[in-house]
Amino acid sequence: MKVPLRWLKEYVDIDDIPLEELVRRLTFAGLEVAKVRYVGVPEPGGASGREPHLAWDREKLLVGAITEVRPHPNADRLVIAVVEYGGPEPEYCVTGAPNLFEYQGKGPLPQPLKAVLALEGAVVFDGHKNDGSLMKLRGRKIRGIYNRSMVCSERELGISDEHEGIIILDPDAPTGMPLQDYMGDIVLDLDLTPNMARCWSIVGVAREVAALFGRELRMPPDDFSPTGPPIEGQAAIRIEKPDLNPRFMLGLLRGVKIGPSPYWMQYRLRLAGMRPINNIVDSTNYVMLELGEPLHAFDYDTLYRRAGGKPPTIITRLPKPGEKLTTLDGEERELDPFTILVCDTAGPLSLAGIMGGLESEVEDTTTNVLLEAASWDFISIRRTMKAQKIDSEAAARFSRGVHPAIAERGLRRCLMLMQQTAGGEIASGVLDEYPRPAPTVEVDLPVGSVGRLLGVDFTAEQIVELLSGLEFRCEVKGDVIHVTVPDHRMDIGSGLIGQFDLIEEIARLYGYDRFEGTQIADELPPQRGNIVLERTEMVRDALVRAGLQEIITYRLTTPEREALLTPPGARSDWPDVEYVRLANPISRDKVVMRHTLLAGMLDVAASNLRYREHVAFFEVGKVFIPCDAPLPDEPLRLGIVMRGPRRPESWLGRPDDDASPMDFYDLKGVIESLVEQLHLPEVTYRPSEHSSFHPGRAAELNVSGRNVGVFGELHPLVCKAFDLGDMPVLAGEFDLETLIGLIPATYKMKPISRYEAIRQDIALIVDEAVPAAEVEAVIWEAGGQLLRGVRLFDVYRGDPIPPGKKNLAYTLMYQSYERTLTTKKASKVHAKIAKALERRLGAKIRA
Amino acid sequence: MLDQLEALYREALEALEGASDDEALRGWEREYIGRKGKVTLMVRRVGELPPEERPAFGRRANEIKRELQAAFEQRARQIEQEKLARELESGAIDVTLPGRPVQVGRLHPSTQTLRRIYDIWAEMGFQVYLSRDVEDDETNFTLLNIPPHHPARDMWDTFYTTRPGVLLRTHTSPGQIRAMREFAPEPIRVILPGMCYRYEQISARSEIQFYQVEGLAVGHNIRLTDLIGTMSDFVRRLFGPERKVRFRASYFPFTEPSLEVDLDCILCGGKGCSVCKHTGWLEIAGCGMVHPVVLRNGGYDPEEFTGFAFGMGPERITMLLYGIDDIRYFWGNDIRFLEQF
Ligand SMILES: [Zn+2]
């Protein structure tokens, strides 16, 4: 909502209030001033340079009086305007302004035309460039005639884009007055929240300003003398859906002359962001901006003709099947069954409250005007706006709610302005169908309830004073204030909600900057913690300690993207379930909620490979699995992706082993460190045949007998599909919820022996098929109490080990908690282990 | 023979002077005081002397042996020190060369900010409550006092799913309803972090998914001034004790009164810049007193209970804290971005 201050000042006196203070108070009161536009007046603190800005030079930009328009001797499309401005000699301005041509060669004008005169040296916008660049006027010859000054268009002054003709000011503009003084202005651009429907008008804002500063609000005049015959008999109203159209009014003005509206009106419409059309349409728009009541003017004679040469009946109703309407913007519209229409007996005339129809519009030839003022159900208006994708100024207001009482004020004010600007005779009386009178809202506000909610006690007198400023009628009855809500406040409810609504008004007017903060005195609720969050954060920390970078990817993806996780032609091991699918996706690559973290993570890995050869990522987040309930399951997952050289390159080079790409065992190491940091019990790994992974290079992680995820080297075809280059990519996805559910609440410290340990190596040859985990299990089992550590230090295949066999070498550590162990004792256990390996696994012990 | 011994003594001392490294030193040791050294052998010859001369010779011989041993050790130390000094001198390295890279893991900046937020609120007794991403229309809007077709619905551009009445939460506020229904009639102090979604074109300023942290306090005596005090404490804890905080009227359908919390612009110090849209203030959170309709929908009698709620965006906070000018960095996950935090 744009509020020109000169307009605002018509209804409330604020000349003594500094702009800064006005902006501050409005913003604090919930009318956020998003922008301040300085029109022709200097910007405080100098131009910010954000937008082209021009302060009108008080010496060189003046109100001028064109006393004569002379033809240009050498050019048909130019004239010379003789402009008086209070100087010793008039200025002679060569101009091509088409709106001066009708005065050309008519000698001295009986009534001079007021215009904006720019004297030599004045700075104005360059009207031809229209890119915000400024120019300084200099004397020069135009087609042989010396010219040093000019009469200006709106574009040249930075008022609007209009450059078709020069500004013709109203006749009462004082000749010689600096333009800045005459019409320099400041426009506040307010960002209004949906509850501020009442402030979608200058008077609405003025009312707030009056309340905030304790001033009087002056309502605009709406008195006129109806001299025409009564409207009854000349038109009629029929409301078919009173719930959607609680009130409908008509006024009639006969004998108007369509033409441009006076400049003061045009100028205000411009500053408020609207385009002037003609005196009738401008009057309706002006009143809409002023009072908040959108109005619609019909060409009465068109309606009369449509009615077959009879007085028209205006009908408001829902559309009939197949009915269409061509709106003002030239668009032929199919009508939804919920769209309320203004019609006559011949068919639809306009989309009620949103946009007029093309046919019944006021035109240059219109002489009789039928004026509509109505109120509409705001939900119905919203639905139609959305369906038709129209966002007109009228719809913006009606869709937020306009009280039926305002229709009457708007109608009277508009009839008055139309007559003032277009002449004619106002029919006596108005037609008023009001089948659903709005109830008066009354609220009983206990004085104590204000302090209870706000934490600051207000007296009944204080409350009454604050609320009265906004035209709430208050009556104190003991501890309760009986409040009658004014009709422009449709946002105030009744009962307890009404109390809250009023308390907010009290706090807002009092000013939030005046409340001192307090500490919560209320009892502290039971402190339970959040174990899921705590353990999720433990997992994050564990992975960060393992050297991984956390990433967070989009939870939206496409089924096609996730399908790339399965090599072409392979049977997918991902669960075959539906997706949570968007009904209104905004882009083609985000249409469903993900089933897995991996697709998004691999995309991130691929995009980073442009800058880095080494990536090591993890992500913790939800996936979305539809189920029988209306809302999907949202299980938490952990994803890991690693790829690239084991160690980063540096000037020191890297040891041979560390230059090689990370492989399965790098990922396994990360997972072992995670499992260990979380103290997960009974962890085992089993080979996995999951379709996304390299056959024979993937494992299932089991904790306490439950499968909690799969990890391994990604299938080369999957790497290719995600454009991940040639190095192996390690990846895994884990069911985090199950995993963190298995973290023990606590664990015991293992005792540390004070006695010396004995280390003995053992090397054995077993079948390739025997997993290392099984060997280790046998060692532990046979080792008993004294075995403290098992460390695999070599795996060897090839000569002299027979094919199909492998050599495993372990260092075993023996230690007692009671005494220093003798070698003899350790060797005894060692031999027992060797025997068990031979017996249970058919191992051949080499040392 | 005593003279011979004295001569040998002088010769040994002289020779010791000339030994300048470990090897020469060991040679000297062998030559003079080793088991077959000249001094040792001469001392053994004590038996060749007449018995009356033997004690004097013996005394002197022992003295000389001790002195030579002491001289040897001192010389050895000296040589050791010289050697160390030489080694240290030649062992200088270029300390300005870069170190061996360490691979460090890091948390995503959003997680880091979330943790800071959790920590501050935890100290004030607010615990974390987690809620779902895919919501029903009822909980996301209607129960929060935003009925269908209400103008306030325009405040959220919503992703709907193909299942009627199911959408992606546009804010964490539906978690308020879920928390209240779980805890009523206990008093509540929770924060609700989570991913939210808006139907918006992705740009430097807006994302289709973003974290939000909602807060909710419900009790018998929760007041607007408590909200103001608590939020001010939070903002100053997060951004620094010297920061200015202001509250101004705003509108959210689920709170009344509703307020916007502004922080004096970190970037320009309040003078006005493009980040604060030349106002000198940055919007940092929305908040207000829980609307009676929402309290009732949550299972609390609004005549008996009051509450406050607030909401903030961790990405926006992170952007302000570190001068990040483009929200797309967050889910872009460029390592060059992530490794800066
Ligand atoms: Zn700033």
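The values are calculated or read from the model by the stated rules, or taken from the named source; none is laboratory data. Just so we're clear, the structure is a prediction, and the values are computed from it rather than from any experiment. Methodologically, a virtual Cβ is constructed for each residue, glycine included, from the backbone with ideal geometry; neighbour enumeration extends over all protein chains shown.
For the structure I just gave you, tell me whether A:Glu523 is within 7 Å of chain B (Cβ to nearest Cβ), surrounded by fewer than 17 Cβ atoms within 10 Å (Cβ to Cβ) and touching a Pro at 6+ places or on another chain (Cβ under 8 Å). Answer is yes for this residue. The residue list A:Glu578, A:Glu516 contains one member that is closer than 30 Å to A:Phe458 by Cα, part of a loop (DSSP other than H, G, I, E, B) and not basic (Lys, Arg), which is A:Glu516.
Please go through the range B:284-340 and give me each residue that is among the aromatic types (Phe, Trp, Tyr) and at pLDDT 95 or above, ordered by number. B:Tyr300, B:Phe305, B:Phe308, B:Phe310, B:Tyr329, B:Phe330, B:Trp331, B:Phe337, listed by residue number.
The set of residues in the range A:789-831 being surrounded by 14 or more Cβ atoms within 10 Å (Cβ to Cβ), closer than 30 Å to A:Arg754 by Cβ and among the basic types (Lys, Arg) consists of A:Lys825 alone. So, A:Glu461, is that one modelled with pLDDT of 95 or more and farther than 18 Å from A:His296 by Cα or not? In short, yes. For the criterion of being under 30 Å from B:Glu186 (Cβ atoms) and more than 7 Å from every other protein chain (Cβ to nearest Cβ), B:Ser131 passes.
Scan the range B:160-181 and tell me whether some residue there is surrounded by fewer than 17 Cβ atoms within 10 Å (Cβ to Cβ), in contact with a Gly (Cβ under 6 Å, 6 or more places away or on another chain) and in the same structural domain as B:Gly286 (by TED's automatic domain parsing). Yes, there is a match, as at least one residue in the range B:160-181 is surrounded by fewer than 17 Cβ atoms within 10 Å (Cβ to Cβ), in contact with a Gly (Cβ under 6 Å, 6 or more places away or on another chain) and in the same structural domain as B:Gly286 (by TED's automatic domain parsing). The listed residues are A:Glu102, A:Glu120, A:Glu91, and the only one of them that is surrounded by 17 or more Cβ atoms within 10 Å (Cβ to Cβ), under 18 Å from A:Ile166 (Cα atoms) and of a type in the set (Asp, Glu) turns out to be A:Glu91. Of the listed requirements (1) at the interface with chain B (Cβ under 8 Å from one of its Cβ atoms); (2) assigned to a strand (DSSP E or B), A:Val604 misses just one: (2). Checking B:Ile208, B:Ile284 one by one, the residue that is crowded, with 18+ Cβ neighbours inside 10 Å and within 16 Å of the ligand (Cβ to nearest atom) is B:Ile284 and no other. Identify, from the list A:Arg436, A:Arg409, A:Arg400, the residue that is within 20 Å of A:Arg198 (Cα to Cα) and in contact with a Pro (Cβ under 6 Å, 6 or more places away or on another chain). Result of the check over A:Arg436, A:Arg409, A:Arg400: A:Arg400. In the range A:412-464, of all residues being among the β-branched types (Val, Ile, Thr) and touching a strand residue (DSSP E or B) at 6+ places or on another chain (Cβ under 7 Å), the one that is surrounded by the fewest Cβ atoms within 10 Å (Cβ to Cβ) corresponds to A:Thr440.
Within the range A:20-45, the set of residues being among the aromatic types (Phe, Trp, Tyr) and facing chain B (nearest Cβ under 8 Å) comprises A:Phe28 only. For B:Thr96, the conditions (1) in a loop (DSSP other than H, G, I, E, B); (2) closer than 30 Å to B:Trp331 by Cβ; (3) more than 9 Å from chain A (Cβ to nearest Cβ) all hold with the exception of (2).
The one condition from (1) at pLDDT 95 or above; (2) within 11 Å of another protein chain (Cβ to nearest Cβ); (3) under 25 Å from B:Met231 (Cβ atoms) that A:Pro446 does not meet is (3).
Which ones in the range B:134-162 are part of a loop (DSSP other than H, G, I, E, B) and facing chain A (nearest Cβ under 7 Å)? Of everything in the range B:134-162, those that are part of a loop (DSSP other than H, G, I, E, B) and facing chain A (nearest Cβ under 7 Å) turn out to be B:His149, B:Phe159, B:Thr162.
Screening A:Ala272 with (1) away from chain B (no Cβ under 14 Å); (2) over 23 Å from A:Pro311 (Cα atoms); (3) surrounded by fewer than 16 Cβ atoms within 10 Å (Cβ to Cβ) gives one miss only, at (3). The set of residues in the range B:239-280 being within 9 Å of another protein chain (Cβ to nearest Cβ) and either assigned to a loop (DSSP other than H, G, I, E, B) or within 8 Å of the ligand (Cβ to nearest atom) (or both) consists of B:Pro253, B:Gly272, B:Ser274, B:Lys277, B:His278, B:Thr279. Across the range A:313-322, not a single residue is classified as surrounded by fewer than 16 Cβ atoms within 10 Å (Cβ to Cβ), at pLDDT below 95, under 25 Å from A:Ser380 (Cα atoms) and of a type in the set (S, T, N, Q). Filtering B:Ala217, B:Ala309 for residues that are more than 8 Å from every other protein chain (Cβ to nearest Cβ), surrounded by 22 or more Cβ atoms within 10 Å (Cβ to Cβ), away from the ligand (no atom under 16 Å from the Cβ) and farther than 27 Å from A:Glu21 by Cβ leaves a single hit, B:Ala309.
Report yes if B:Phe234 is modelled with pLDDT of 95 or more, more than 22 Å from B:Glu123 (Cα to Cα), away from the ligand (no atom under 16 Å from the Cβ) and more than 10 Å from chain A (Cβ to nearest Cβ), otherwise no. Against the criterion (modelled with pLDDT of 95 or more, more than 22 Å from B:Glu123 (Cα to Cα), away from the ligand (no atom under 16 Å from the Cβ) and more than 10 Å from chain A (Cβ to nearest Cβ)), B:Phe234 does not qualify.
Do we find a residue being surrounded by 12 or more Cβ atoms within 10 Å (Cβ to Cβ) and closer than 30 Å to B:Gly27 by Cβ anywhere in the range B:88-97? No, the range B:88-97 contains no residue that is surrounded by 12 or more Cβ atoms within 10 Å (Cβ to Cβ) and closer than 30 Å to B:Gly27 by Cβ.
Quick grid of which residues meet (1) more than 27 Å from the chain's Cα centre (by Cα); (2) more than 7 Å from every other protein chain (Cβ to nearest Cβ); (3) within 23 Å of B:Ser110 (Cβ to Cβ):
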position	(1), (2), (3)
A:Arg581	no, no, no
A:Ile586	no, no, yes
A:Leu598	yes, yes, yes
A:Cys627	yes, yes, no
A:Leu636	yes, yes, yes
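The residue of the range B:185-199 that is nearest to B:Ala309 (Cα to Cα), among those that are facing chain A (nearest Cβ under 7 Å) and surrounded by fewer than 19 Cβ atoms within 10 Å (Cβ to Cβ), is B:Glu186. Please tell me if A:His679 is in contact with a Phe, Trp or Tyr (Cβ under 6 Å, 6 or more places away or on another chain) and either on the phi > 0 side of the Ramachandran plot or within 11 Å of chain B (Cβ to nearest Cβ) (or both). Yes; evaluated as a whole, the condition is true for this residue.
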